[in-house]
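Got a structure for you, questions after.
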Amino acid sequence: MQGFKSTGSVQRFLSTHAAIYNTFYVQRHLITRKTMRLFRSESMNTWQTVIAAA
């Protein structure tokens, strides 16, 4: 719990982090570079939409 005041704040952080991490993390060795660029572009568009709505 380094830097967190309660277990609740740790849980909130980890659940948010997991959602963001899963959006951006792709196992690069399994896809071509062209596909990777497409995925990253789609992820960034999704992220921009989410933060604009917040």
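Where does helix 33-53 land angle-wise versus the long Cα axis of the chain, in degrees 0 to 90, nearest 10?
On a 0 to 90 degree scale, this one is about 40.
Output the Kirkwood hydrodynamic radius of the chain, Cα pairs only, in Å rounded to one decimal.
13.1
Among A53, S15, S41, which residue has its Cα positioned farthest towards the positive end of the charge dipole of the chain, with +1 placed on the Cβ of Lys and Arg, -1 on the Cβ of Asp and Glu, and the dipole taken about the Cα centre?
Highest projection toward the positive end goes to S41.
Let me ask something additional. Against the longest alpha carbon principal axis of the chain, how many degrees, from 0 to 90 and to the nearest 10, is the axis of helix 7-24 turned?
Approximately 0 degrees, to the nearest 10.
Read the figures in this text as sums done on the coordinates, not as results from a lab. Since the model is a prediction, treat every value here as computed from it, not as a measurement. In this analysis, Cβ positions are derived from the backbone assuming ideal geometry, glycine residues included, and neighbour counts consider all displayed protein chains.
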